[in-house]
Structure formats: structure tokens, C-alpha cells
Amino acid sequence: MEAPLRTPAALARGAFSETPIPLTGLETFQTVSAQTTASYRVFEDLIIQNKPSNDAIGTTHSVTGSFKIRTGTSPLVAGMNIPVDLRTLQSDASMRDHYIQRNTLQTDMYPYATFVSVSTQELPSSYSDGQTVHFQLIGNLTMHGKTNKEVFDVQGKVVGNTITGMATSTIYMTDFGIQPPNLANIAIAQNKVVITLTFTVSKA
């Protein structure tokens, strides 16, 4: 059965403890990295270029990991462990990428961001092949040496041995001990970041 739901009070900052989940009927799916993209989107003020709300987007295909699902009656998503190699993030500006890797994310010390699922909310009571579902995936995101509980809004569907979909969450850099980039007061990023995972996974 599905792990217990969390109340709003339980969603305060900090890490979740995982509740044991029965493995009955679960099948393992593996990330297809070539068809999976992790991205960030953050607004930045580019003063010299007179762009006060520039939309900076960085992406990578270096996404691995797996999770388990159960379809049919009482569907379940569990055991998710998804690492993303932050050293491979690329935007439309190499100068930005180098600054983020060296100074913001410090990828020489913290090369990966990893999401580990704990529970779900709003899964349907039953699932059939090809049906698109929307639900919340709750878990622990570790980045820059700090772990916080985060909630992803997920849309996806299973067709045969393949699952496709998208997961999105909003995080704040300072929650992970990261200072928003500020390059000599001429390029200043906001604290808020939207992270998105557009994924394809296949049955292991």
C-alpha cells in the first residue's frame, strides 16, 4: 500500500525518514539518459544588457537512476533514486556555466544532485496502461552537501515497458547553502529556481 500522506506541518524544511514500502507487484524502471533532460530555470538581471528579467535555462542529459512502480489496483511509485551530474549543465552562455560550476554549485566538491523519493500524494485508486496521471512525489533532494525535503508535481504515463513524463519543483538556492550568483553587480540571479525533469524510463 502507499506510504502515509504527509500533513502540511510535516513538510517543513529538513529531510524525510523513509517508511518501509511493501514490494508486492513492483517492477523496476531505469532512466534512459539520452531521452531524459534535467533543467533549471532562474530569472537574472543582466544590467549591462538591459535585461532585468532574463530567463536563464541550463540543461543536461546526465541523469541516471531508477524507481519502482505498481499499476492496476492501488498503483504505487516507490524506491526512486535519481542522480543528476551538475558538472554537465549547459546554458546559452559558457561564461555563466563556468561561474555556476566554480562559484555557485561548486561542482568540484558537490558534483551531483540526487533525489530520493519517500511518498506520493494524489495517485489514482487504479491505473490502466496509457492513462496520463498527475500526482505529487515527495522526497529528499541532496545538493551542495545539504538535504531538504521537496515536492515534485509529476505528470506521466505508462505505455507497455516505457514511462514518459515530466516532474517539476520550485526550490530556493539559500535552502541548500548556495548564494545566488552575483557577478560584480552586473549579472544578478534570483534565489528562486524551477527545476524540471523531462523523463523516459524503460523496464529493467
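The values are calculated or read from the model by the stated rules, or taken from the named source; none is laboratory data. Just so it is clear, the model here is predicted, and its values are computed rather than measured. All Cβ positions, glycine included, derive from the backbone under ideal geometry; neighbour counts span all protein chains shown.
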Residues (outside any strand (DSSP E or B) and either basic (Lys, Arg) or surrounded by fewer than 17 Cβ atoms within 10 Å (Cβ to Cβ) (or both)) located in segment 116-171:
Glu122, Pro124, Ser125, Ser128, Asp129, Gly130, Gln131, Gly145, Gly160, Asn161
By residue number, the members of segment 1-41 that are at pLDDT 95 or above and closer than 21 Å to Leu141 by Cβ are Phe29, Gln30, Thr31, Ser33, Thr36, Thr37, Ala38, Ser39, Tyr40, Arg41
Which one is surrounded by the fewest Cβ atoms within 10 Å (Cβ to Cβ), of the residues in segment 66-93 that are more than 19 Å from Gln136 (Cα to Cα) and among the hydrophobic types (A, V, I, L, M, F, W, C)?
Ala93
Consider only pairs whose beta carbons are under 6 Å apart and that are at least six residues apart or on different chains; among these, list those whose first residue lies in segment 119-142 and is over 13 Å from Gln155 (Cβ atoms) and whose second residue is small (Gly, Ala, Ser).
Ser119/Ala3; Ile138/Ser119; Gly139/Ser117; Asn140/Ala15
Residues being more than 19 Å from Gly145 (Cα to Cα) and not in a strand (DSSP E or B): count how many of those fall in segment 73-100.
10
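With Phe176, Phe199 as the choices, which residue is surrounded by fewer than 20 Cβ atoms within 10 Å (Cβ to Cβ), closer than 21 Å to Ile82 by Cβ and among the aromatic types (Phe, Trp, Tyr)? Before the answer, list the steps.
Numbers: Phe199 fails: surrounded by fewer than 20 Cβ atoms within 10 Å (Cβ to Cβ).
Every option except Phe176 fails the conditions.
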Check whether at least one residue in segment 101-115 is in a helix (DSSP H, G or I) and touching an Asp or Glu at 6+ places or on another chain (Cβ under 9 Å), and report yes or no.
yes
